[in-house]
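The next block holds one structure in the form of structure tokens; read it before the comments.
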Amino acid sequence: MASQDYLIAIALIEQNDVRAMPLGGKEIKEKLEEKDNLNKLGEEVILNLLLRVFQRSDEGPLKRVSEDKGLLLVHMHPKRMQKELPFIKSEWIRDGDTNQFLKYLGNLSKEIWTASFVKYKGVELISIAKNEDI
């Protein structure tokens with residue numbers, strides 16, 4: 001059964017000493033419970049975002065704000081994405097409180113993963129928050 005939810009890649013970065021949060025996403029059309037589906041779609045969304053972030057490097061040096069939580073993958077309903085994500089994004093850009101941002105994001109989303117690259121394995125997704133109530 002297809003879902004109308006989205007997978008959203010979020011990068012928490014600084015560029016030229018200014019916080020930025022580029023986003024990228026895609027509608028979920030397969031069941032995420034099947035790990036291959038999550039990995040395939042997650043890698044696609046992350047790759048698209050990282051290519052855009054890489055292109056931004058022409059405008060100045062980039063730095064991850066958090067070594068372990070600087071690249072996130074989020075499962076979210078589109079209404080929450082459109083209505084509430086812009087607010088918590090602007091709050092994080094204003095104050096830089098990553099822990100508070102993750103707390104709010106956990107309340108809005110169905111699941112959050114950190115994304116990293118592991119040599120000889122590829123992209124690794126580790127769940128950091130799962131909200132069963134949504």
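The values are calculated or read from the model by the stated rules, or taken from the named source; none is laboratory data. Just so we're clear, the structure is a prediction, and the values are computed from it rather than from any experiment. All Cβ positions, even for glycine, are placed from backbone atoms using ideal geometry, and neighbour counts span all protein chains on display.
Take the conditions farther than 19 Å from Lys130 by Cα, hydroxyl-bearing (Ser, Thr, Tyr) and modelled with pLDDT under 95 and apply them to Ser57. Does it pass?
Taking the combined requirement at face value, the residue satisfies it.
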**Subset of segment 1-57 [surrounded by 15 or more Cβ atoms within 10 Å (Cβ to Cβ), of a type in the set (A, V, I, L, M, F, W, C) and not in a helix (DSSP H, G or I)]** = Leu7, Ile8, Ala9, Ile10, Ala11, Leu12, Ile13, Ala20, Met21, Leu23, Ile28, Leu32
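Quick one: how many residues across segment 78-113 are of a type in the set (S, T, N, Q) and buried (at least 17 other Cβ atoms within 10 Å of the Cβ)? Let's see the steps before the verdict.
Taking segment 78-113 as the starting set, the residues that turn out to be of a type in the set (S, T, N, Q) are 82, 90, 98-100, 107, 109.
Retained after the next criterion (residues that are buried (at least 17 other Cβ atoms within 10 Å of the Cβ)): 109.
Matching residues across segment 78-113 total 1.
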**Tabulated pairs, segment 31-43, first farther than 12 Å from Trp113 by Cβ and free of Cβ contacts under 8 Å to residues at least 24 places away in the same chain, second surrounded by 15 or more Cβ atoms within 10 Å (Cβ to Cβ) and not charged (D, E, K, R), C-beta under 9 angstrom, 6+ apart or interchain** = Asn37/Ile28
**Prompt:** Using beta carbons and a limit of 6 Å, which pairs, at least six apart or on different chains, have the first residue in segment 60-78 and farther than 21 Å from Ile128 by Cβ and the second one of a type in the set (Val, Ile, Thr) and surrounded by 15 or more Cβ atoms within 10 Å (Cβ to Cβ)?
**Reply:** Leu62/Ile13
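Hey, can you tell me all the residues within segment 64-91 that are among the acidic types (Asp, Glu) and part of a loop (DSSP other than H, G, I, E, B)? If you could, list the steps in order and put the result at the bottom.
Kept after step one, since they are among the acidic types (Asp, Glu), are these residues of segment 64-91: 67-68, 84, 91.
Passing the criteria: Glu67, Asp68, Glu84.
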**Message:** With the requirement that a residue be without any contact (Cβ under 8 Å) to a residue 24 or more places away in the chain, more than 18 Å from Gly42 (Cβ to Cβ) and part of a loop (DSSP other than H, G, I, E, B), what does segment 92-134 give you?
**Reply:** Asp97, Lys119, Tyr120, Glu132, Asp133
**Prompt:** Going through segment 5-42 one residue at a time, which ones are at pLDDT 95 or above and among the acidic types (Asp, Glu)?
**Reply:** Glu14
